[in-house]
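Q: One structure, as structure tokens, below. Some questions next.
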Ligand code: HEC
């Protein structure tokens, strides 16, 4: 029984590697970064956020192996589309939410932390990152609708 289950698990494990999604691993060019208030803010953001919210993603070997590859690709696609620190020329609608996402414990996502010790911030580092974002242009809270229109 156990051997049969194991054999099937191996067959399925090999077959899912044939699914193409998840191995693109693109890092498009960095067009423009925010004008960080200090190198320390950038460093904290790099440690805790850049893998999903920039074009400088580090793709470790296991991110090429399904099903980890699917999860990693989904996180990076979703992360970049919501907020991309490497494309600051584009409108970043969600940039104003960084403080509440960190404070609420949503970002970085909990499931990311066990494999990425460097992304674990202490309470002091979290406070420092939130304060740093607040002093960096582009992170003003404009609500969900993007920049306010002035008439
Ligand atoms: C493991 C990948 C990953 C990491 C690391 C990560 N994020 Fe995210 N983030 C996502 C994904 C995926 C989304 C879009 C879906 C969602 O909201 O869960 C997102 C959404 C967001 C949003 C938009 C939320 C909204 O709806 O307004 C903000 C703001 C954000 N992240 C900030 C951060 C900050 C700041 C950090 C670092 C402290 C960080 N994220 C780290 C994956 C990540």
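Q: Restricting to the range 103-120, name every residue that is in a helix (DSSP H, G or I) and either free of Cβ contacts under 8 Å to residues at least 40 places away in the same chain or within 10 Å of the ligand (Cβ to nearest atom) (or both).
A: Hits for the range 103-120 are 103, 110, 111, 112, 113, 114, 115, 117, 119.
Q: Right, next: Got a sec? Which of 128, 73 is more than 30 Å from residue 15 (Cβ to Cβ), touching a residue at least 40 places away in the same chain (Cβ under 8 Å), surrounded by 16 or more Cβ atoms within 10 Å (Cβ to Cβ) and out of contact with any strand residue (DSSP E or B) (no Cβ under 6 Å at 6 or more places or on another chain)?
A: Exactly one of 128, 73 is more than 30 Å from residue 15 (Cβ to Cβ), touching a residue at least 40 places away in the same chain (Cβ under 8 Å), surrounded by 16 or more Cβ atoms within 10 Å (Cβ to Cβ) and out of contact with any strand residue (DSSP E or B) (no Cβ under 6 Å at 6 or more places or on another chain), namely 128.
Q: If residue 93 passes every condition in (1) near the ligand (Cβ under 8 Å from one of its atoms); (2) part of a loop (DSSP other than H, G, I, E, B); (3) loosely packed, with under 15 Cβ neighbours inside 10 Å but one, which one does it miss?
A: It fails just one condition, (3).
Q: Kindly provide the set of residues from the range 26-57 that are more than 12 Å from residue 85 (Cα to Cα), free of Cβ contacts under 8 Å to residues at least 40 places away in the same chain and either touching a strand residue (DSSP E or B) at 6+ places or on another chain (Cβ under 9 Å) or surrounded by 12 or more Cβ atoms within 10 Å (Cβ to Cβ) (or both), ordered by number.
A: Result: 27, 43.
Q: Just checking, does the range 46-64 include any residue being modelled with pLDDT of 95 or more and more than 18 Å from residue 28 (Cα to Cα)?
A: yes
Q: Kindly evaluate residue 133 against the criterion of being touching a residue at least 60 places away in the same chain (Cβ under 8 Å), in contact with a helix residue (DSSP H, G or I) (Cβ under 9 Å, 6 or more places away or on another chain), surrounded by 13 or more Cβ atoms within 10 Å (Cβ to Cβ) and closer than 22 Å to residue 36 by Cβ.
A: yes
The values are calculated or read from the model by the stated rules, or taken from the named source; none is laboratory data. As the structure is a prediction and not an experimental result, all values here were calculated from the model. No Cβ is skipped: glycine too gets one built from the backbone with ideal geometry, and neighbour counts run over all protein chains shown.
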